[in-house]
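> Below are the structure tokens for one structure; questions will follow.
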Amino acid sequence: MSEIDRAFVGTWSEPFHVDIEAGAIRKFARAIGDANPLFHDAAFARTHGYPDVVAPPTFPTCFRAPAALPWIAPLDFRRIVAGEIRFDYTQPLVAGLRLECRTQLVAVDERNGSKGTMQILRQSMTCTSADGIALAVVHRSTIYRSAEQVARGSLA
């Protein structure tokens, strides 16, 4: 039933850059309701050894490539649902960093459920600092629902 081109498994997207900005960190922290002063107050962050405000751990959920990933682009976007997400860090992300990010399609799984067959795209986005150190890896599962699920209005 696979509609996802498995030839993309193991391939990487083109790199894109993300500038970590203090204002974006503060706005994100407010949006998620986190008042941790590390996320809002640069002076407080500096007293704790950081050069500027620190990004909340889920901040990379806002990182977006400028174009659809090649394995996602041909799909029906109405059938895409967010799945599981996990973050691995070697150090916190702080304002002032410029990251180079690339996403890899790691695997495509297929599951049969009571409401139809779905495919699960397993992807990893690696965010690297200017000196080539991988600071964060975002592991994401994206669910591609069957056309029947969409036609029936089912979300699962």
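The values are calculated or read from the model by the stated rules, or taken from the named source; none is laboratory data. In this text the structure is predicted, and so the values were computed from the model without any measurement. All Cβ positions, glycine included, derive from the backbone under ideal geometry; neighbour counts span all protein chains shown. Please note that ligands, DNA and RNA were not included when accessible areas were found on the heavy atoms of the full protein model with its side chains. Shrake-Rupley method; radii C 1.70, N 1.55, O 1.52, S 1.80 Å.
> Starting from one equal scatterer on each C-alpha and no solvent at all, send me the Debye-based log10 I(q)/I(0) for the chain at q = 0.13 Å⁻¹, two decimals.
At q = 0.13 Å⁻¹ the computed log10 ratios are -0.69.
> Convert each backbone phi in segment 46-58 into a coupling constant with the Karplus relation 6.51 cos²θ - 1.76 cosθ + 1.60 (shift: θ = phi - 60°), then list the ³J(HN,Hα) values in order as whole Hz, x for Gly and Pro.
5, 5, 9, x, 9, x, 6, 4, 9, 7, x, x, 8
> Using only Cα atoms, what is the ratio of the radius of gyration of segment 14-100 to 2.2 N^0.38 Å?
1.27
> A follow-up question, please. Just the number, please: percent antiparallel of the DSSP beta bridges in segment 23-156, rounded to the nearest 5.
So the antiparallel bridges in segment 23-156 amount to around 100 percent.
> So how tilted is helix 22-31 from the main axis of the chain? Cα-based, degrees 0 to 90, rounded to 10.
Helix 22-31 sits roughly 60 degrees off the main axis of the chain.
> Quick check for you: with a 1.4 Å probe and neighbouring chains kept, what is the accessible area per residue of the chain, in Å²?
Using a 1.4 Å probe on heavy atoms only, each residue of the chain averages 54 Å².
> Can you tally the net charge around residue 130? Count Lys and Arg as +1, Asp and Glu as -1, for every other residue whose Cβ sits under 14 Å from the Cβ of residue 130.
Its environment carries a net charge of -2.
> Continuing with this model, one more query. Could you give me the ³J(HN,Hα) list for segment 33-43, computed from phi with Karplus coefficients 6.51, -1.76, 1.60 and θ = phi - 60°, whole Hz, x at Gly and Pro?
x, 9, 8, 3, x, 4, 8, 10, 10, 4, 5
> Using only the Cα atoms, work out Rg/Rh for segment 84-156, with Rh taken as the Kirkwood radius, to two decimals.
Taking Rg over the Kirkwood Rh, I get 1.17.
> Now for a different question. Can you list which of the trypsin sites (Lys or Arg not before Pro) found in segment 1-98 are DSSP loop residues with at most 11 other C-beta atoms within 10 Å?
Here the sparse-neighbourhood loop sites are 64.
> Computed over the Cα atoms, what is the radius of gyration of segment 18-65 divided by 2.2 N^0.38 Å, N being its residue count?
Compactness ratio reported: 1.08.
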